[in-house]
Amino acid sequence: MDRRVRVRFAPSPTGHLHIGGARTALFNYLFARRHGGDFLVRIEDTDQKRNVEGGEAKLLDSLRWLGLEWDEGVDVGGPHGPYRCMDRLDIYRAHAERLLAEGKAYYCYCTEEELAAEREALMARGEMPRYLGKCRNLTPEERAALEREGRKPSVRFRVPEGREYVVDDLVRGTVRFETSGVGGDFVILRPDGVPTYNFAVVIDDHLMGITHVIRGEEHLSNTPRQLMIYEAFGWEPPRFAHLSLILNPNRQKMSKRDESIIQFIEQYRALGYLPEALVNFLVLLGWAPEGEHAEREFFTLDELVRLFSLERVSKAPAVFDPERLRWMNNHYLRQRPAEEIAKLAHPHLVAAGRLPQTLSDDRWQWLVDLVALFQEQMGCAADIVPLSELFFRENVDYNEEAKAVLAEPHVPAVLAAFRREAEALDAWSADAVKSALKAAQKATGHKGKQLFMPIRVAVTGQTHGPDLAQTLYLLGRERVIARLARAMEALATG
C-alpha cells in the first residue's frame, strides 16, 4: 500500500461495548497492525440524548481489556485531535460554511412539524419519504422573512441529480447507488450547530487521514451520502469494507433488545470470560484463516495480526453461537492457574451468599482448591456457583438413582468402614482421605465402583462427580462424617 494505513473505531458513548462493535474494533485493530499502520479511537458523541454518563470510560476499558491498544484517541491524544466530535464543532461549522459559499449546501428553515407532514403526505400517496426541496432555492428576501419569524435554519447538502455513485467495497465488491434513492437533500448541520453523522464522519476521517473505513454492513446505506460530501470538497475517499451482520442463534438479525444472547463485552467480563476467548471467538465471526491454519480453532492476538486479511472476510452473515463461546472460554480457563480463576469466581460466590467478601488465608486456599476441582467443567467463572452447590448446603437429597445405589446390600458395611477410618484420621487432607478409602477397601473387600459409588452418593447425593478424595477433603471432616451418619441411619431404619 502506498499510504500508511490508518483506521479508526468510532463508537458513540451510549453505554457498554456491544459484541458487534467489539468485532468491528478488532478487525480494524488487526488490519492496522497487519500493515504496520495506525489504529485510532474516536468518540462520536453528537447524539447528546443517547449519551450515557461514564459510557465513554466503559467503552475504552472494555477495548483495553480485550487487548486492543490504540495509537491516537480521546485518552492518549495525538496530532489529529480533538478526538470527540463535540469538541470539533468549530471545524464542522467552517466546512459547512465553505459548502454554503460554493452553493453545494443551503439553509433550510422547515420545522419538524412541516417535515413530518411532508413525509406523511408522501407515504399516503405510496411514495418514498424524502425531502422535496422546499428551501432549495429561497431568495435572500424569503430567507430574511423566515428568519424574522424566529426560525433557526439547518444546513442541507444539495444532492446532485441523476448521478450514480459506485463503492468498490473490499468485502462486498462493487455496490452502486443512485442519487434518487437517498431521500433528497439531507441535513449536514442542525440548527444548534451540531453536525449529523454523515457530515461529521467524512470531515473527521479526511482530516485524520483515515485510509480504510472498516465498519458494519448497516452503514453501507450511509456510504453514498458520504461519497457526495467527499466529492463536494474534492477529497479522495478512503477504501470501504462493510462487515456482515451478526445473527442470533435463531439466524435472525440481532437487535440490542434481543434477550436470546448476552450482547455486551462488559457482561461477559463480569461472568468470568477471558479476553482471549472473546477475541478468538469474535474474529471467527466472519473471518477465516487459510492454508495450514484453516482448521485451527485457537490463535493468539499476535498470530491474528500476522494472519488477518480483509480478503478472508465473508460476505455472508455470521451466526453467534453462545455454546461455542463457552467451549472456547473453557479451553482458556483450563490453561490458567486455579488461583487466577478463583479471583474471577469469588465475586459470584459472594453474590450468591456462599462466601464472605474477605477470606482468611486458609479459606482462600480452600476456594482455590474448589475451583481447581471444577476447572475442567467451567464455561465461565460464574459456573462455580451451580457446580459447587453441594459444598454449601447442610443436607443431601437422594434421587431415585442415588437411592438405588444405597439400597445395595454391601453399602452399610462400606459406609461404616469408611466412617471409622475418617474419624480416626489425625489430619484431614486429600491424601489422608485417600488413605482412609484404601483402608475401607481393605476392611470390606470392596473396591472400585462398589466402594466409591456408595460413599459418593451418601455424602454428595450424586452418582457422578469430580475426584472423590478431593471432594471429601473440601467438604470437610465434620460434614462428611455427619452425612455418612445420616445415610447410615436412614438405611438402618429402612
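Label positions at residue 250 and residue 136, each projected 7 Å from the Cα along the C-beta direction, are separated by 4.4 nm.
Over the C-alpha atoms of segment 19-89, the Rg to Rh ratio, Rh being the Kirkwood estimate, stands at 0.97.
Taking a point 7 Å from the Cα of residue 334 along the Cα-to-Cβ direction, the residues of segment 461-489 with backbone N closer than 18 Å to it are 465-467.
Surface composition of the chain: carbon and sulfur atoms hold 48% of the protein heavy-atom accessible area at a 1.4 Å probe.
Would you mind pulling out the separation of the Cα centroids of segment 273-290 and segment 38-96, in Å? Here the answer is 25 Å between Cα centres.
Length gained on full extension, residue 467 to residue 175: 99.2 nm, using 0.36 nm per residue less the C-alpha separation.
Electrostatic tally near residue 164: other residues with Cβ closer than 12 Å to its Cβ, Lys and Arg +1, Asp and Glu -1, net 0.
When you restrict to C-alpha pairs under 8 Å that are six or more residues apart and normalise by the size of the chain, the relative contact order lands at 12 percent.
Checking (i) 37, 35, 20; (ii) 34, 27, 21; (iii) 65, 23, 20 against the coordinates, the calculated semi-axes √(5λ) of the Cα gyration tensor in Å falls under label (iii). Protection proxy ranking of 306-315, 265-274, 323-332, by the mean of other Cβ atoms within 10 Å over each peptide's residues and highest first, is 265-274, 323-332, 306-315.
Highest average first, the peptides 11-23, 122-134, 67-79 ordered by how many other beta carbon atoms sit within 10 Å of their residues are 11-23, 67-79, 122-134.
Restricting attention to the chain, close to 55% of DSSP beta bridges with both partner residues there are antiparallel. Treat every Asp and Glu Cβ in the chain as -1 and every Lys and Arg Cβ as +1, leave all other atoms uncharged, and give the resulting dipole magnitude about the Cα centre to the nearest 20 debye. In debye, rounded to 20, the chain gives about 580. The slack between residue 190 and residue 290, meaning 0.36 nm per residue of separation minus the straight C-alpha distance, is 31.3 nm.
Translational diffusion coefficient of segment 152-255 at 20 °C, 1.002 mPa s, Stokes-Einstein with Kirkwood Rh over Cα pairs, in µm²/s as a whole number. Once the numbers are plugged in, D ends up at 143 µm²/s.
Treating r as the C-beta distance of residue 270 and residue 312 and R0 as 30 Å, the FRET efficiency rounds to 0.40.
Here the gap between residue 93 and residue 222, fully extended at 0.36 nm per residue and compared with their Cα-Cα distance, gives a gain of 44.4 nm. Farthest toward the positive end of the dipole of the chain, out of 299, 216, 414, is the Cα of 414, where the dipole comes from beta carbon charges about the Cα centre.
Could you let me know the centre-to-centre spacing of segment 108-136 and segment 459-488, using Cα atoms, in angstrom? If you average the Cα positions of each part, the centres end up 74 Å apart. Take every Cα pair under 8 Å whose residues are at least 6 apart in sequence, average their separation, divide by the length of segment 267-409, and the relative contact order is 28 percent. Here each label is just a point 7 Å from Cα along the line to Cβ, and for residue 358 and residue 233 those points are 5.7 nm apart.
Once you reduce segment 1-19 and segment 197-254 to the center of their Cα atoms, the two points are 11 Å from each other. Highest mean packing comes first when the peptides 291-300, 170-179 are listed by Cβ atoms within 10 Å, giving 170-179, 291-300.
The values are calculated or read from the model by the stated rules, or taken from the named source; none is laboratory data. Please read these numbers as outputs of a predicted model, since none were measured by experiment. For neighbour counting, all protein chains shown are included, and Cβ atoms are generated from backbone atoms with ideal geometry for every residue, glycine included. Side chains included, ligands, DNA and RNA excluded: accessible areas come from the protein's heavy atoms. Shrake-Rupley method; radii C 1.70, N 1.55, O 1.52, S 1.80 Å.
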